[in-house]
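See structure below.
The values are calculated or read from the model by the stated rules, or taken from the named source; none is laboratory data. The model shown is predicted, which means the values in this text are computed figures rather than measured ones. Please note: Cβ atoms are built from the backbone with ideal geometry, for glycine as well, and neighbour counts cover all protein chains shown. Each accessible area value is taken on the protein alone, full model and side chains, heavy atoms only, with ligands, DNA and RNA left out. Shrake-Rupley method; radii C 1.70, N 1.55, O 1.52, S 1.80 Å.
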Amino acid sequence: MVLWLALNGLLLVSAYLLGSMPPGYWAGRLLKGIDIREHGSGSTGATNVLRTVGKAPALVVLLVDILKGAVAIAAVRWCYTVAEAQSLPLPTLDVAVWLPWMVTLVGMAALLGHSKSIFLGFTGGKSVATSLGVLLAMNWMVGAGTLAVFALVLAISRIVSLSSIAGAIAVSGFMMFTHQPLPYLLFGLLGGLYVILRHRANIQRLLAGSEPRLGQPVPNATASSLSETGE
């Protein structure tokens, strides 16, 4: 039992650390010599990288952030497969029952790491791309449906934050429509709510009609609002 709990604890810590990797911050430092948290919206996400560093770096950051979520989930499934093959679990532990719960917990740990990175003083992005990676690894149909909602709203509104919020709301519906297990449904609810809460400042600007569209500049973030700024 101790070994089993240690494995799960290691997976959670690893997922948080993986999520904490800040490619957006690194892109700003390496390519522009800036702290991206002090420019644009203050976020380390791909949208702010697009505004402050460029298109190619933003695409790379987007892909890396998606991969962080997907790799975290893949690691859980691989470890559980190996553990089951080596008869690591006790006879009373059902891997089929534990696995969806651990996938959900690890997914949330990756989201938390992205938005509250230990490497950046617990600041970061909005966890949108990382949550997409988690969803695609959980169930590709749910991930693809969520991405489609994001893309549709973005095509109509040209506002990334609105598109992210729409995707966060839609994910629970896709979970139910595709009959996902309870832990995954809870991830859709809690993960979606977390992403929406991370967009509090964006929601205020949306209501005020001042949220920038894709490609438009935003006022530089202040030091006091680094962890609460836009996408």
Taking segment 58-67 on its own, how many of its residues are under 12 Å from the mean Cα position of the chain (by Cα) and without any contact (Cβ under 8 Å) to a residue 60 or more places away in the chain?
2
State all residues of segment 1-20 that are farther than 15 Å from Met108 by Cα and open to solvent by 40 Å² or more (accessible area, probe 1.4 Å); if no residue qualifies, say none.
Met1, Val2, Leu3, Leu5, Ala6
Can you find even one residue in segment 68-76 that is open to solvent by 60 Å² or more (accessible area, probe 1.4 Å) and either among the hydroxyl-bearing types (Ser, Thr, Tyr) or more than 14 Å from the chain's Cα centre (by Cα) (or both)?
no
Output the qualifying pairs, or none if there are none: Cβ atoms under 6 angstrom, residues six or more apart or on different chains, first residue in segment 37-57 and free of Cβ contacts under 8 Å to residues at least 60 places away in the same chain, second residue of a type in the set (Lys, Arg).
Val53/Lys32
Would you pick out the residues in segment 198-212 that are surrounded by 12 or more Cβ atoms within 10 Å (Cβ to Cβ) and either at pLDDT below 80 or not in a helix (DSSP H, G or I) (or both)?
Arg198, His199, Glu211, Pro212
Sort out which residues of segment 158-181 are part of a helix (DSSP H, G or I) and either open to solvent by less than 30 Å² (accessible area, probe 1.4 Å) or at positive phi (or both), and write them in order of number.
Val160, Ser161, Ser163, Ser164, Ile165, Ala166, Gly167, Ala168, Ala170, Val171, Ser172, Met175
